[in-house]
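The values are calculated or read from the model by the stated rules, or taken from the named source; none is laboratory data. Owing to the predicted nature of the structure, the values given are computational and were not obtained by experimental measurement. Heads up, the Cβs are rebuilt from the backbone with ideal geometry, glycines too, and the neighbour counts pull from every protein chain shown.
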Amino acid sequence: MNIGSEISEGLRISWEALRGNLMRSVLTTVGIVIGIVTVTLMATALEYLNTAFRDAISFLGTDVLYVDRNEWFIDNNNKFDRMQRREKITMAQVRAVEEGLSGVSGVAPSVMQGVEGLRYGDRSTGGVLMIGTNEQFIITGGASLASGRFMTKAEAAANRDLCIIGADIADKLFEKEEPLGKRITVADQRLEVIGIFEKRGSVLGGMSLDNQIVIPIQKMNRGFKWDPSCVIQIKVGDTARIPAVRDELRGLMRKIRRLPPGREDDFAINQSEALVSQFGKVSAIIAAAGFFITGLSLFVGGIGIMNIMFVSVAERTQEIGVRKAIGARNRTVLLQFLIEAAAICLLGGIIAIGITRGLVEVARVYLPKVAMSWSVVVLALTVAVGTGLISGFLPAWRAARMRPVDALRKD
Amino acid sequence: MSLIRLDSICRRYEMGGETVHALRGVSISIERGEYVAIMGPSGSGKSTLMNIIGCLDTPSSGSYELNGNTVADMDDNDLADIRNREIGFVFQTFNLLSRSTALRNVELPLIYAGVDIDERREIALAALADVGLADRVEHRPNEMSGGQRQRVAVARALVNKPSLLLADEPTGNLDSKTGEEILALFKALHAKGNTLIVVTHEEEVARHARRIIRIRDGLVASDEVVT
Ligand SMILES: Nc1ncnc2c1ncn2[C@@H]1O[C@H](COP(=O)(O)OP(=O)(O)OP(=O)(O)O)[C@@H](O)[C@H]1O
Ligand SMILES: [Mg+2]
């Protein structure tokens, strides 16, 4: 008997057995269903988090380096205190970097400040992030314009009274009016709107990228009398060159900030990869915890399957005897019960996928981008069948090893 | 060469420290084409002997040659193949698969023999027709009479054209009329050259055979040809 017909025969027998005990089979699968629902929900959630996170941080650009006084991730308080005492990154230093660094797509200084009270006529809006920068920001910042234009080099250098606003600000302050050419008021300063950014959404459902206003950096320092440490954004342009540029940048910064050899850096070169790897750690912890729970429920489900398979083998001892008496080999009997266990679990897996689909549909009301992918379906069915094969093995082995006389005598 | 050669077959059962001697040294030879009845009182060891001959059980000691092959030398797979190809078994309680139709039941040995689907259907239908059940192929066991079930069992036993048909009290669960039908079937099979061994404790049934072996307390008490 070849393996193909053994499997089709096994499927047929398990179909008959399943149909014969439909209620019992369905009840048996409850544990497996719970386990598989957990697996699929976990996998779907992780997949969603991953893409959502990558979408979210795409505004940082994968090939953009951020030279900053602080590191993005600070693992202890001491370090935080030390970093707060570091010297500011000044505009003079920014210029030195611009001059010293060759072969990159763009270098832009940036300072940020939250502002309340943006006004146009009798309308106003608040909670806005104001970014002071220069003409290079359109290259490094990853935003594009919906209308109007960005500031020119000359305008940035001359520190003109102009601004480029995010889509939300345009909507709130202007409604149906054309914003381009109008002057808005921010803390006594009047700025002409020369461009409007394309809508970008928000970062992980939090900070809106459309509630930003960009102005010449010197305007921020002088006009608003506010002079924080700069962040220098450097768009490398070619992902392969990132490490080389990083090294060059580090040497340059050390020279600019006159660090003697042996002294540690008093600045940081950040990159979105750092966020990705940090997020990777978090999602690994979530995955580990999730799969532990999943494993536990599958284990319980598997015990249930093993139990019901032992019952099934005991009930059908006579049948096993008959099959052996007319020529079934041990392997054939083993396979028959393995397939039966796998089929029960497959049934559970299919039910579970149905349930998960329903749950995902519900979740979609709140998170429109959630979707169950085919790879998750395949994973779920594989795990289900695997659980069936593992938990069915002992009962199937017992059935296979029965001596024909002993099996036949039992009634 | 004899089809069956049993030499000093013993079968012991250990029962909670006590040893039951079901067979105590049985030596028999049976030739191809014989029709043998095995008789004896209840508990004398008839079924034990049949199970050993049918390769469902193995002796505690003694040697058994089937078709010139020593059964003790065979592994589980060889024995399964022997049961599949060389031996057809008919039980007192029919032992059909209750969820399957007559046709499926009869097809089963062919499936295990690896016969492909079209061919085995044809062979199984012919075997059912041979036992007079051409119009019952799609019936399940619980939709048939005892006599019909036993005929399905006979069709299943014969479908792989075995060298040997073994029947342990085949008429035990049948009334005398349907019992006669089965015996008529056996007679026809014998006439066609099949080898048959039938266990019974009814003289009626035994008289159909050509040779009667009587067992008592696990030993052959007599072995005579019916005249
Ligand atoms: N599995 C077993 N375990 C222990 N003892 C057994 C077993 N099978 C049979 N015996 C014993 O072996 C002896 C022979 O049993 P066997 O079934 O061969 O008798 P039998 O001649 O077929 O009887 P019957 O006519 O009642 O069917 C009996 O004493 C029985 O109790
Ligand atoms: Mg008996």
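Results for (1) under 30 Å from B:D81 (Cβ atoms); (2) surrounded by fewer than 24 Cβ atoms within 10 Å (Cβ to Cβ), shown as yes or no for each residue.
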residue: A:I339; (1), (2): yes, no
residue: A:I351; (1), (2): no, yes
residue: A:L359; (1), (2): no, yes
residue: A:S375; (1), (2): no, yes
residue: A:T382; (1), (2): no, yes
residue: A:T387; (1), (2): no, no
residue: A:A399; (1), (2): yes, no
In the stretch B:29-49, residues that are near ligand 1 (Cβ under 9 Å from one of its atoms), surrounded by 14 or more Cβ atoms within 10 Å (Cβ to Cβ) and at negative phi total 6
Open item on the list: Whether any residue in the stretch A:393-400 is away from chain B (no Cβ under 14 Å), on the phi < 0 side of the Ramachandran plot and either outside any helix (DSSP H, G or I) or in contact with a Ser or Thr (Cβ under 9 Å, 6 or more places away or on another chain) (or both) is what I want to check.
Closed with: yes
Kindly evaluate B:Y112 against the criterion of being farther than 28 Å from B:A188 by Cα, away from ligand 2 (no atom under 16 Å from the Cβ), among the aromatic types (F, W, Y) and surrounded by 15 or more Cβ atoms within 10 Å (Cβ to Cβ). no
Within the stretch B:44-99, of all residues that are more than 15 Å from ligand 2 (Cβ to nearest atom) and of a type in the set (S, T, Y), the one farthest from B:S27 (Cα to Cα) is B:S98
Over the stretch B:91-115, the set of residues within 8 Å of another protein chain (Cβ to nearest Cβ), touching a Leu at 6+ places or on another chain (Cβ under 9 Å) and not aromatic (F, W, Y) is B:N95, B:L97, B:S100, B:L108
Discussion item. Here is a check on your reading of the model: is B:G193 more than 16 Å from ligand 1 (Cβ to nearest atom), small (G, A, S), within 29 Å of B:G68 (Cβ to Cβ) and surrounded by fewer than 19 Cβ atoms within 10 Å (Cβ to Cβ)?
Written reply: yes
Over the stretch A:15-60, the set of residues of a type in the set (G, A, S) and within 14 Å of chain B (Cβ to nearest Cβ) is A:A17, A:G20
Of the conditions (1) more than 14 Å from chain A (Cβ to nearest Cβ); (2) more than 15 Å from ligand 1 (Cβ to nearest atom); (3) in contact with a helix residue (DSSP H, G or I) (Cβ under 9 Å, 6 or more places away or on another chain), the single one that B:G88 does not satisfy is (1)
The one condition B:R24 fails out of (1) more than 20 Å from B:R211 (Cα to Cα); (2) within 16 Å of ligand 2 (Cβ to nearest atom); (3) in contact with an Asp or Glu (Cβ under 8 Å, 6 or more places away or on another chain) is (2)
Exercise. Out of curiosity, is B:E204 more than 14 Å from every other protein chain (Cβ to nearest Cβ) and in a helix (DSSP H, G or I)?
Worked result: yes
Sole miss for B:T227 among (1) under 15 Å from the mean Cα position of the chain (by Cα); (2) in a loop (DSSP other than H, G, I, E, B) is condition (1)
Here, strands (runs of 3 or more DSSP E) confined to the stretch A:181-254 with at least 1 residues that are modelled with pLDDT under 80 and either charged (D, E, K, R) or crowded, with 18+ Cβ neighbours inside 10 Å (or both) are none
If you go through A:S272, A:S283, the only one that is of a type in the set (G, A, S) and more than 21 Å from A:V64 (Cβ to Cβ) is A:S283
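Listed here are the residues, each with its yes/no results for (1) assigned by TED's automatic domain parsing to the domain that holds A:Y366; (2) surrounded by fewer than 18 Cβ atoms within 10 Å (Cβ to Cβ); (3) over 16 Å from the mean Cα position of the chain (by Cα); (4) not in a helix (DSSP H, G or I).
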{"site": "A:S8", "(1), (2), (3), (4)": "yes, yes, yes, no"}
{"site": "A:V39", "(1), (2), (3), (4)": "yes, no, yes, no"}
{"site": "A:L46", "(1), (2), (3), (4)": "yes, yes, no, no"}
{"site": "A:T51", "(1), (2), (3), (4)": "yes, yes, no, no"}
